[in-house]
Amino acid sequence: MLNRRKYIRFKTSLDAKCFSLNGDPVSDHVQITNMSREGVRFTAKETLTKGDRVSLEVSLPGEEETFPVAAEVTWAVFGNGVCNAGVHFKYIDPTSRFKMLDYAFYSATGSA
């Protein structure tokens with residue numbers, strides 16, 4: 001099978017909140033299940049649609065601040081009461097991206 005991904009994905013478990021770009025809550029809790037340099041996959045109870053533009057507030061364990069991320073839904077599948085969605089980052093602060101990827105790498109590899 002051909003792998004079309006440009007960047008490696010890391011399995012992770014991060015909490016986030018999801019908002020529409022006008023600030024309305026889409027989901028007060030989404031679970032990020034993997035991430036790469038350009039996006040994340042997450043699960044939510046609410047339905048999302050390809051092309052939706054969203055803002056995520058990502059929480060890292062042990063960090064008080066949240067990390068804002070602007071993203072676009074590239075795919076979404078709803079089934080069994082859960083929406084699985086993939087989003088492509090449209091904007092993320094470079095420091096926030098580093099911290100999130102650093103956490104995902106170390107949690108996926110078990111390194112310290």
* Among what's in the stretch 12-30 and is surrounded by fewer than 16 Cβ atoms within 10 Å (Cβ to Cβ) and within 11 Å of the chain's Cα centre (by Cα), pick the residue that is farthest from Ser96 (Cα to Cα). => Ser13
* Of the criteria (1) loosely packed, with under 14 Cβ neighbours inside 10 Å; (2) closer than 19 Å to Lys6 by Cβ; (3) touching a Ser or Thr at 6+ places or on another chain (Cβ under 9 Å), which one Pro94 fails -> (3)
* Residue selected from the stretch 98-112 under the condition assigned to a helix (DSSP H, G or I) and among the small types (Gly, Ala, Ser), by the criterion modelled with the highest pLDDT -> Ala104
* Structure fact -> Among residues of the stretch 78-97 being closer than 17 Å to Arg9 by Cβ and either part of a helix (DSSP H, G or I) or in contact with a Phe, Trp or Tyr (Cβ under 7 Å, 6 or more places away or on another chain) (or both), the residue modelled with the lowest pLDDT is Arg97
* Among the listed residues Ala108, Ala71, Ala104, which satisfies the condition of being out of contact with any Asp or Glu (no Cβ under 7 Å at 6 or more places or on another chain), under 15 Å from Leu14 (Cβ atoms), free of Cβ contacts under 8 Å to residues at least 60 places away in the same chain and small (Gly, Ala, Ser)? -> Ala71
* Give me a count of the residues in the stretch 31-44 that are surrounded by fewer than 16 Cβ atoms within 10 Å (Cβ to Cβ) and either modelled with pLDDT under 90 or of a type in the set (Lys, Arg) (or both). => 1
* Asked: Given the residues Lys99, Lys90, which is the only one that is in contact with a Lys or Arg (Cβ under 8 Å, 6 or more places away or on another chain) and farther than 17 Å from Ala44 by Cα?
  -> Lys90
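The values are calculated or read from the model by the stated rules, or taken from the named source; none is laboratory data. Predicted model, so just to flag it, every value in this text is computed and none were measured. For neighbour counting, all protein chains shown are included, and Cβ atoms are generated from backbone atoms with ideal geometry for every residue, glycine included.
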